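Read through the structure below, which is laid out as structure tokens, and then see the notes.
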């Protein structure tokens, strides 16, 4: 098979993702202002938005090679595992790492970037990484993270879903979703963190519609990179779909529009990874972004 040609990614999709992130976060800021959120909420999310936008363009386009992708996955897993050892404990739930007065939800911060980089690893390392991430989600416990991991993995490997190794990965993430869903979650929803769409609608239907529309825009924006990154871009969109779906059906944080720095920063990091990944032009490829080997 001819060697893949590499080129840098067009910048237009990144600017579109930046606009989507601004729209989603701004809809949340409007919700905070109208709903009377605590004074610290608005500046924290606004500052996180600025940092995320900087991060999006911090990595030169196409400069993150295979070794860089491996480091992204390894560091992301290390951060998520750290919650079980030294993370913030709230009623037996460990999903956060403290950063001064701020608690960062590690899966929202790191999982999107991990899924973006994952398809650039050998399959055996992909399966190992997914198994570790699913185990962490069960132990924390965090059904939202397990769902985001599952949808992200399925979306990023959809073209290869019939490969035996990928089917094994599907079994791993499905087990993680089921196991985490059946673990007790003692945390009550916090206003402006969870249920942002429903609470925004309660304030004014226009706010609820705005939050939902902006969130859908932010979820879909990474998928527009699919011609450049195929599996990685769809995987990132899948992760945010999982987090958003969990927030609509259970007491889990609303990503980007709800209060919290982690999701906003995580969006920026994931887009930075997507921008940094080399684009592969496969002259006779299988449409998966890989040569079809199951190494």
Item to complete: Residue by residue through the stretch 95-118, note down the ones that are within 18 Å of residue 194 (Cβ to Cβ) and not in a helix (DSSP H, G or I).
Response: 95, 96, 102, 103, 104, 105
Worksheet item: Among (1) in contact (Cβ under 8 Å) with a residue 12 or more places away in the chain; (2) farther than 24 Å from residue 269 by Cβ; (3) out of contact with any helix residue (DSSP H, G or I) (no Cβ under 6 Å at 6 or more places or on another chain); (4) surrounded by fewer than 19 Cβ atoms within 10 Å (Cβ to Cβ), where does residue 122 come up short?
Response: (2)
Discussion item. Is it the case, given these coordinates, that residue 200 is crowded, with 22+ Cβ neighbours inside 10 Å and either part of a loop (DSSP other than H, G, I, E, B) or over 16 Å from the mean Cα position of the chain (by Cα) (or both)?
Written reply: yes
Worksheet item: Given 44, 50, which one is modelled with pLDDT of 95 or more, exposed (fewer than 15 other Cβ atoms within 10 Å of the Cβ) and in a helix (DSSP H, G or I)?
Response: 50
Item to complete: Find the residue count for the stretch 53-67, including only residues that are outside any loop (DSSP other than H, G, I, E, B) and touching a residue at least 12 places away in the same chain (Cβ under 8 Å).
Response: 5
Worksheet item: When residues of the stretch 233-258 are filtered for being more than 10 Å from the chain's Cα centre (by Cα), buried (at least 24 other Cβ atoms within 10 Å of the Cβ) and part of a loop (DSSP other than H, G, I, E, B), how many remain?
Response: 5
Discussion item. Looking at the stretch 127-140 only, could you name the residues that are surrounded by fewer than 21 Cβ atoms within 10 Å (Cβ to Cβ), in contact with a helix residue (DSSP H, G or I) (Cβ under 8 Å, 6 or more places away or on another chain) and over 13 Å from residue 177 (Cβ atoms)?
Written reply: 127, 131, 132, 139
Discussion item. Scan the stretch 151-166 and tell me whether some residue there is crowded, with 24+ Cβ neighbours inside 10 Å and assigned to a loop (DSSP other than H, G, I, E, B).
Written reply: yes
Worksheet item: Does residue 133 count as within 15 Å of the chain's Cα centre (by Cα) and assigned to a helix (DSSP H, G or I)?
Response: yes
Practice prompt. From 85, 34, 73, grab the single residue that is at negative phi, touching a helix residue (DSSP H, G or I) at 6+ places or on another chain (Cβ under 8 Å), free of Cβ contacts under 8 Å to residues at least 60 places away in the same chain and part of a helix (DSSP H, G or I).
Written response: 73
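Which one of 7, 95, 63 is modelled with pLDDT under 95 and within 16 Å of the chain's Cα centre (by Cα)?
95
The values are calculated or read from the model by the stated rules, or taken from the named source; none is laboratory data. Bear in mind that the values here come from a model prediction, so they are computed numbers and not experimental data. Cβ sites come from the backbone with ideal geometry, for glycine too, and all protein chains shown count toward neighbours.
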